[in-house]
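Before any comments, here is the structure.
Just so it is clear, none of the values below were taken in a lab; they were calculated from the coordinates. In this text, all values refer to a predicted model and were calculated from it rather than measured experimentally. Glycine also receives a Cβ, built like all others from the backbone with ideal geometry; neighbour counts cover every protein chain displayed.
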Amino acid sequence: MMTTMAALFGGLPIALGQGAGSELRRPLGIAIVGGLLVSQFLTLYTTPVIYLYLDRLSQRFGSRRRRKRQPQIEHAAAE
């Protein structure tokens, strides 16, 4: 997050600049700042969702593996 903010603040002078040639540099600055903001927000919102999804999948498939392994362990303990 700090890296994104550093790059964002570094791109602000390009996006907000005035003077000769600024009409050519401004679209680049806006694209940089906008892209960094969008990617940061997407990362902050999608990463927890993906972790929750993978956790639910591991719980679903992990419980099936445990059910299959438990009878073998109990059978070995009975002997």
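A few comments on the model shown:
- Mean Cα-pair separation over length for the stretch 1-49, i.e. relative contact order, pairs under 8 Å, 6 or more apart, %: 38 percent
- Charge tally around GLN18: other residues with Cβ under 12 Å, Lys/Arg +1 each, Asp/Glu -1 each, net +1.
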